[in-house]
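The values are calculated or read from the model by the stated rules, or taken from the named source; none is laboratory data. Just so it is clear, the structure is predicted and the values come from calculations on it, not from any experiment. Cβ coordinates were reconstructed from backbone atoms using ideal geometry, including for glycine residues, and neighbour counts include every protein chain displayed. SASA here: full protein model, heavy atoms, side chains in, ligands and nucleic acids out. Shrake-Rupley method; radii C 1.70, N 1.55, O 1.52, S 1.80 Å.
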There are 2 protein chains.
Amino acid sequence: MSNVNLAIIGQGGRGFGLMRLIMEMEDVNIVGVCDVYQDRVDRAVTTLKEAGKPAPVATQNYHELLALSNVDAVLIATSWQTHMRIAIDSMKAGKYVASEVGGACSLDEVWELVQTSRETKMPCMMLENCCYGREELALLNMVKQNVFGELIHTRCGYEHDLREEVAKGHINRHYRLDNYMHRNGDVYPTHGSVPMGKMLNINRGNRFVSLTSMASKSRGLNEWIKDNLPDVDYLQNYPFALGDVVTTIVKCAHGETLVMTHDTTLPRPYSRGGLVQGTKGIWMEENYSIYLDGISPEHKWEPFAPYLEKYEHPLWKWYQQEGIRGGHGGMDYLTLRAFLESVQAQCDTPIDVYDFAVHAALTPLSEQSVALGGMPQAFPDFTNGAWLVRPAERKWKYSLTEIWDGE
Amino acid sequence: MSNVNLAIIGQGGRGFGLMRLIMEMEDVNIVGVCDVYQDRVDRAVTTLKEAGKPAPVATQNYHELLALSNVDAVLIATSWQTHMRIAIDSMKAGKYVASEVGGACSLDEVWELVQTSRETKMPCMMLENCCYGREELALLNMVKQNVFGELIHTRCGYEHDLREEVAKGHINRHYRLDNYMHRNGDVYPTHGSVPMGKMLNINRGNRFVSLTSMASKSRGLNEWIKDNLPDVDYLQNYPFALGDVVTTIVKCAHGETLVMTHDTTLPRPYSRGGLVQGTKGIWMEENYSIYLDGISPEHKWEPFAPYLEKYEHPLWKWYQQEGIRGGHGGMDYLTLRAFLESVQAQCDTPIDVYDFAVHAALTPLSEQSVALGGMPQAFPDFTNGAWLVRPAERKWKYSLTEIWDGE
C-alpha cells in the first residue's frame, strides 16, 4: 500500500490540529471528516478545500465514514468518553484505528476493545505522543543500555494548569468540563504512564498488577471561576467531583512502583513529573538532572543535557537531520508517522491494543480506588497470559521496546 | 527552674552528638548517661570528664536513671524500636521526655504513650529537628500568611542513600539493619511529615484520617553488599524485607493529601522531597523554586531564595543574629532548646505527645497497608476528639503553630 486513506473523527482543537499536520503528508488522503458539531465539520471541509485537497465525505455521524470501503484507517480525536466506542466500531468495520489519548470509563469497554481487536485482527493504537518525546526516547535508550541498572521506581504526572480551559468548557465545548464535574480519579494518566510502561516492559514480561489512588479536595476551579467568570452562575459553587490533585501508586508484577500525579486545577508551571530510578542511578524531570552511581560526583546531581546528547535515540538523530515539524516539539508528527507507516506496512502498531487497554484502564481503576477510600484495585490481564511470552516488537524506526539501529 | 538536670539514654552516634552539643549549654546538667553497650557508656563518661563536667551516673540499665529523683528530663536516642517503651517508663517516673525521631512498631504502644502522658501529665516531645529548619520555618510562615492560599496537596520524603550505613550495621551496631531486614513500610517518615503536619494544622482542627502505602521490590542493599562487602556471607543474598522505595498517600480530615517517599537504599543525592501546594501557589524542594499565581511570571518557576529572605521566620532572624550552632545546619540546637526551655518553663512542648503519636503511627499503619497490598488504613484519633477544639499553642520563640512576633 502506498497512500493511506484516512477518516478523521473529531474536529475540535486537537482533531483539527492533527488534520492540518496530516494534510502536508503526501502519502495520506483525508477522505472523511466528522464531528458532532456542524461548524467544526464545515471548518474541516473549508480548510481542506483551501489547501487544494479533494473534498472529503463530511458528516456528523461517524458510522457513515466507517461504511466507506475506501477508508483504510480512522483517527479518533473525540471526547475521552467516546474513544472506546468509536474505536470498537471502527475495528468492526475493518479499519486500522488510531485514537487520541485519555482514560476509559469502564473496564468492560476496555475488554471489548481488546476482544474486538483479537476477533477482527485490526490493530488499534493509542496516539500517545509523549512516547516519541526526545527525552522519553533518550531515557528508553538509557534503560535498554542498563544505565540505571535494574529499574525499581518511576514517577510521572500530568501537572498542567488547565483552569481556564476547563472552566470555559461551557463556551469552548471542551469535554474536560463534564469529566471534571462528575468524575474523580486520574482521568488523564497516559502522557506519563505509557512512556514509563515501555521502560518497564509492560505487556512483554511485566504488567501492572494493582493500584491505589487518593484524591485531594477540589478547590482550584471554584476559586478561579469566582475570580474570572463571575457571570457564569451555574459554575460559581458547582461541587466539582474531581479532586485538584489525584495521586496513584501502581505496582508491577516484578515489584516496580509507578507513582502518578494528576494536577490540573491549581496554579503551577507545566511538568510531566518524570522520575526513573534504578539500582545504578536516577533521572528526575523536576530539576532536569541525573545521578549515576560511581559516575556522577558523590551526592551531586548532574545536568541531564549532556546525557541527553550522549544517549540520543537513533530516531531523534534521524529526525533532527530530517527537520523537526508539527506540534508539541515534534512528537505529534512522529506519533502519526508511526501509525501511518504501520498501516502502509500492514503490521501492528508500536503502541498496540494491549498497551491501549492497560493504560486506558488506569482511569476507571483509579476512580474505583478513590471511590473506595484508596482500596487497592487489581488490573485484569488483558492479554490473558500472553504477556508471559510475547516476543519482542520488530526493530524498526518507531519501535518503543527495541532500539532502532538507524537503518 | 533554672538548670535542667538531664539524663541521656542512648549513646550511639546520635546520642553522643547531641550530648556534646548539650555539654556546651550552661543551663543543663548532664546527670546520667546510659547505653546497652558499655564502651559507649565509657565514651560518654570520658567525654564529660575531659570537658571538666561532674561525673554522671553511668549505666547500661536505663531504669537506674529513671529512679534518680534529681533527673528532671530524659533524652532518648536509642534504637527506633525502643523509643516508645523508654518514653512511657520515663513519664511514669515523672520525667519530661524528649525522644529522637522514628516510627513506632505498633498502634498499641502509641496509645500507651498518649495515655501515659495524660495520666502522668508529663509532656513528651519528638525531637523532630526538621521542624526548625530554615526553609521549613519560612514555609510555615508563608502558609500562615496565606501565601499559598488554601492548602491542597503536600509531599515529603526521606530520600537519602544510606546503603553503606545500613549494610555496615553488623559492624556499627546500627538498628537500621535489623529494621531493614525484617520490616516493610515507611520506617522513617517524620523528617517530612511533622513539618508538613504543622502546616496542615494536624491535631488542631485537622487530622490524618487514612493512608495507603505500597513498597517497591528490594534490590539496592543486596547489590551494594555484593560489590562492597563480599566477605560478609550472611548478608550476600539476605532477603531484605524493606522495599527500596516506599510510597504512602495520607488523607486529611479537610481533604488535603500528603504523599510520602522513603527511599534510602538506592544511589541518589539527598532530598526531603518537599512540596507545598495550595490554591494560590506551589513550592517545590527538588528545584528549589516557587510559583505564585498572578505574581510569578506566567508558567515559570521563580528561585525560592528571595522568598526565603522575604518570609524568614522570626526565630531564624533571631538565630542568625545570635549565631547558628550545632549539627544539621543549626536545626538540632533549636530543637533541643525548644525542649529544654519548655522544661524550664514547666509548660508543654511545641511538638507534643499528640504530634508524637500521630507521626509515630505512620510507620505501623504504613507497614499494615503494605502487608495488605495497599489496603487503606484508618488513623485512630489519639486525641479522642480534642483535635476539634484544641486551643492554639502559646505564642513563643519556638511555637510551631503560631508565628512568634520576635519578643
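Within the range A:3-51, can you find the residues that are of a type in the set (D, E, K, R), outside any helix (DSSP H, G or I) and closer than 23 Å to A:ALA67 by Cβ?
Within the range A:3-51, A:ASP35 is the sole residue that qualifies.
So which residues in the range A:170-208 are farther than 30 Å from B:SER218 by Cα and assigned to a helix (DSSP H, G or I), if there are any at all?
A:HIS170, A:ILE171, A:ASN172, A:TYR175, A:ARG176, A:LEU177, A:ASP178, A:ASN179, A:TYR180, A:MET181, A:HIS182
Looking for whichever is among the hydrophobic types (A, V, I, L, M, F, W, C) and either assigned by TED's automatic domain parsing to the domain that holds A:GLU341 or in a helix (DSSP H, G or I) (or both) here; the options are A:VAL97, A:VAL143, A:VAL101. Which one fits?
Criteria check complete, one pass: A:VAL143.
Pull up the range B:145-161, narrow it to residues that are in contact with a Phe, Trp or Tyr (Cβ under 8 Å, 6 or more places away or on another chain) and open to solvent by less than 10 Å² (accessible area, probe 1.4 Å), then point me to the one that is nearest to B:TYR333 (Cα to Cα).
Across the range B:145-161, the extreme among qualifying residues is B:GLU159.
Does the range A:226-249 hold any residues that are in contact with a Ser or Thr (Cβ under 8 Å, 6 or more places away or on another chain) and either under 18 Å from A:PHE148 (Cβ atoms) or away from chain B (no Cβ under 11 Å) (or both), and which are they?
A:PRO239, A:PHE240, A:ALA241, A:LEU242
Would you mind telling me which numbered condition in (1) open to solvent by less than 30 Å² (accessible area, probe 1.4 Å); (2) more than 14 Å from every other protein chain (Cβ to nearest Cβ); (3) at negative phi B:GLY323 fails?
Going through (1) open to solvent by less than 30 Å² (accessible area, probe 1.4 Å); (2) more than 14 Å from every other protein chain (Cβ to nearest Cβ); (3) at negative phi one by one, B:GLY323 breaks only (3).
So, in the range A:235-271, of the ones that are open to solvent by 20 Å² or more (accessible area, probe 1.4 Å) and hydroxyl-bearing (Ser, Thr, Tyr), which residue ends up farthest from the chain's Cα centre (by Cα)?
Going through the qualifying residues, I end up with A:TYR238.
Across the range A:37-84, what is the number of residues that are within 25 Å of the chain's Cα centre (by Cα) and either surrounded by 14 or more Cβ atoms within 10 Å (Cβ to Cβ) or over 19 Å from A:GLY12 (Cα atoms) (or both)?
Number of matching residues: 20.
For the subset of the range B:272-284 comprising residues that are at negative phi and more than 9 Å from chain A (Cβ to nearest Cβ), which member is most open to solvent (accessible area, probe 1.4 Å)?
Once the filter is applied, the top-ranked residue is B:ARG272.
Cβ-Cβ distance below 6 Å, separation of 6 or more or different chains: which pairs start in the range A:266-278 with a residue that is within 24 Å of A:TYR180 (Cα to Cα) and end on one that is of a type in the set (Phe, Trp, Tyr)?
Here the result reads A:ARG268/B:TYR291; A:PRO269/B:TYR291; A:PRO269/B:TRP301, each pair linking the range A:266-278 to a residue that is of a type in the set (Phe, Trp, Tyr).
Scanning for something in a loop (DSSP other than H, G, I, E, B), without any contact (Cβ under 8 Å) to a residue 40 or more places away in the chain and within 10 Å of chain A (Cβ to nearest Cβ), does the range B:150-169 turn up at least one residue?
no
For A:ALA360, only one of the following conditions fails: (1) more than 18 Å from A:THR248 (Cβ to Cβ); (2) under 20 Å from the mean Cα position of the chain (by Cα). What is its number?
(1)
Determine which member of the set B:PRO269, B:PRO230, B:PRO195, B:PRO189 is on the phi < 0 side of the Ramachandran plot and touching a Cys at 6+ places or on another chain (Cβ under 6 Å).
So the residue among B:PRO269, B:PRO230, B:PRO195, B:PRO189 that is on the phi < 0 side of the Ramachandran plot and touching a Cys at 6+ places or on another chain (Cβ under 6 Å) is B:PRO195.
I'm told B:GLN368 meets every condition in (1) closer than 26 Å to B:THR383 by Cβ; (2) polar (S, T, N, Q); (3) open to solvent by less than 50 Å² (accessible area, probe 1.4 Å) except one. Can you identify the failing condition by its number?
The single condition B:GLN368 does not satisfy is (3).
Which of the residues that make up the range B:285-314 are under 22 Å from the mean Cα position of the chain (by Cα) and at the interface with chain A (Cβ under 7 Å from one of its Cβ atoms)?
Listed by number, the list holds a single entry, B:GLU286.
Which of the following residues is more than 18 Å from the chain's Cα centre (by Cα), within 15 Å of A:LEU365 (Cβ to Cβ) and open to solvent by 10 Å² or more (accessible area, probe 1.4 Å): A:ARG183, A:ARG173?
On inspection, the qualifying residue turns out to be A:ARG183.
Determine whether B:ASP263 is more than 8 Å from chain A (Cβ to nearest Cβ) and either at pLDDT 95 or above or farther than 25 Å from A:ARG155 by Cβ (or both).
Criteria not met by B:ASP263.
Surrounded by 24 or more Cβ atoms within 10 Å (Cβ to Cβ) and out of contact with any Lys or Arg (no Cβ under 7 Å at 6 or more places or on another chain): which single residue out of B:MET125, B:MET142 fits that description?
B:MET125
Filter the range A:186-217 down to residues that are open to solvent by 20 Å² or more (accessible area, probe 1.4 Å), within 12 Å of another protein chain (Cβ to nearest Cβ) and of a type in the set (S, T, N, Q), then give me how many there are.
Result for the range A:186-217: 1.
Could you please give the count of residues in the range A:250-260 that are at the interface with another protein chain (Cβ under 7 Å from one of its Cβ atoms) and touching a helix residue (DSSP H, G or I) at 6+ places or on another chain (Cβ under 8 Å)?
Number of matching residues: 0.
Which residues, counting only those in the range A:374-398, are surrounded by 16 or more Cβ atoms within 10 Å (Cβ to Cβ) and small (Gly, Ala, Ser)?
A:GLY374
Evaluate the following for B:ALA360: is it open to solvent by 60 Å² or more (accessible area, probe 1.4 Å) and of a type outside the set (D, E, K, R)?
No: the conditions fail for B:ALA360.
For the range A:222-234, indicate whether the set of residues that are in a loop (DSSP other than H, G, I, E, B), open to solvent by 50 Å² or more (accessible area, probe 1.4 Å) and within 25 Å of B:THR247 (Cα to Cα) is non-empty.
Scanning the range A:222-234 turns up no residue that is in a loop (DSSP other than H, G, I, E, B), open to solvent by 50 Å² or more (accessible area, probe 1.4 Å) and within 25 Å of B:THR247 (Cα to Cα).
Within the range A:160-195, can you find the residues that are in contact with an Asp or Glu (Cβ under 6 Å, 6 or more places away or on another chain) and closer than 24 Å to A:GLY281 by Cα?
Matches in the range A:160-195: A:VAL194, A:PRO195.
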